[in-house]
Amino acid sequence: MSWETYDPSLAAHDLVQDLKWDPALRAQFKQNEAAVLDRYPTMRAEERRAIEQRDFRALYDLGMHPYLGGQLSRFIWGNDAGHGAVEASKRLVASLTGAPLEQP
Amino acid sequence: MAEIVFAAGIPHAPAVVGLFEKAPDEARAVVAATFGAVARAMAAARPDVLLVFGNDHLTNSRISAYPDFIIGLADRHAGPHEWFKEWIGCRDWALPGDPEVARALFKGLTKRGFRLNAEAGPLKFDDNLSVPTVMTELDSTGIRVVPVLQNCTVPPFPDERRCYALGQAVAACIAEDMPAGLRVGLLGSGGLSHEPGGARYFKIDEAFDQHFLKLASQPDHAAFLREITIPRMEQAGLGGTAEVLSWFIVMGAIGERCGESFGYTGWPSFRCGIGGVVWDLTKEAA
């Protein structure tokens, strides 16, 4: 990986920050993800599609910062230290590499 | 003239808290030895105030307006921030701040040519301060804390020489701007190799980490600055390994000193290399 594709203007960055700072928005994201994504009018169609399809490779190629990508994976797959965050990390790596789920 | 009485560098990987019980014996032993040694050295040095340099994990600011440094001016610091609590798997904590020292640092670094933000209100703390606090029980010591959050992951960010120079300015502030008799501790919080959110999330660069710990423990900062560069850090893990820039600030402040480390583990599930250094300040800098 490198910073070559990094694009600080990506709307997905603001999505992750808002989810991090707003528990109510996080709950809504779980229940009605589309409604939350609708709040970001500058989000490009391919950016939104990558989020909906859990395609982190595509999202990173569009310019997602990997640290915020990691946090997005935890909103989707789990954030607790003992289980959810490990699962989220495995699924993120699998999406980025195209390899089967990695066993740490 | 205030005095630096304690200096250490440690990682703040959240999994050393949340996955500690699941780790193999040898990995647990390194974690316990490292944080235990830091806690004992800090207690023995009796600092009045601890300046903690550690990166913000995109917790306080949007990426579109990301500061390189934020000094916490508050009289109390508490964490972890709500969303990071289950991620770290740690208890709540609170530390006394030191607004007077924080303001002196803000003013002193500004006049020495460093642009920093200062935050009078509560900062959100993630792994940066939470892990060192709970692993050393810092919140039971009564030591006042001034957090300095830094950017080492949103490019472009201050490089190793800029961070080292900032450390030299921190030393000048302590020596020239802070009250005589004040005992100051310095803690660098971050690293070692890891790639959070990247394709190499479970990969650790043990060769880099071992070399880094060796060089950081030796009083030869020319070699340290020559070999531990941003490109080498990014090679060892993009967006995460550069957290060791917090150590550069501490090393710039204390000058060339010998340090002691307490073992190393690269257990993959920590998703970060683990090792620390406590520097010996009893002898004059080389």
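The values are calculated or read from the model by the stated rules, or taken from the named source; none is laboratory data. Here the structure is a predicted model, which means the values were calculated and not measured. Note: ideal-geometry Cβ built from the backbone for every residue, glycine included; neighbour counts use all protein chains shown. Keep in mind that these areas ignore ligands, DNA and RNA; they rest on the heavy atoms of the full protein, side chains included. Shrake-Rupley method; radii C 1.70, N 1.55, O 1.52, S 1.80 Å.
Values as computed for the structure displayed
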| read-out | value |
| --- | --- |
| B:Arg91 farther than 18 Å from B:Val134 by Cβ, charged (D, E, K, R) and surrounded by fewer than 20 Cβ atoms within 10 Å (Cβ to Cβ) | no |
| Residue identified as out of contact with any Gly (no Cβ under 8 Å at 6 or more places or on another chain) and more than 14 Å from chain A (Cβ to nearest Cβ) among B:Ala199, B:Ala169, B:Ala216, B:Ala222 | B:Ala222 |
| Test result for A:Pro41, surrounded by fewer than 17 Cβ atoms within 10 Å (Cβ to Cβ), more than 30 Å from B:Ala23 (Cβ to Cβ), facing chain B (nearest Cβ under 9 Å) and modelled with pLDDT of 95 or more | no |
| Exclusive hit being among the acidic types (Asp, Glu), surrounded by fewer than 21 Cβ atoms within 10 Å (Cβ to Cβ), within 12 Å of the chain's Cα centre (by Cα) and closer than 25 Å to B:Gln235 by Cα, set A:Asp55, A:Asp7, A:Asp14, A:Asp61 | A:Asp55 |
| The range A:79-94 - residue that is more than 9 Å from chain B (Cβ to nearest Cβ) and open to solvent by less than 30 Å² (accessible area, probe 1.4 Å) and, of those, nearest to A:Leu15 (Cα to Cα) | A:Ala88 |
| One residue from B:Val17, B:Val38 being buried (at least 20 other Cβ atoms within 10 Å of the Cβ), in contact with a strand residue (DSSP E or B) (Cβ under 6 Å, 6 or more places away or on another chain) and not hydroxyl-bearing (Ser, Thr, Tyr) | B:Val38 |
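One line per residue, one yes/no per condition, for (1) in a loop (DSSP other than H, G, I, E, B); (2) out of contact with any Phe, Trp or Tyr (no Cβ under 6 Å at 6 or more places or on another chain); (3) farther than 23 Å from B:Gly252 by Cα:
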residue: B:Ala7; (1), (2), (3): no, no, no
residue: B:Ala13; (1), (2), (3): yes, no, yes
residue: B:Thr34; (1), (2), (3): no, no, no
residue: B:Ala41; (1), (2), (3): no, yes, no
residue: B:Ser61; (1), (2), (3): yes, yes, yes
residue: B:Ile70; (1), (2), (3): no, yes, no
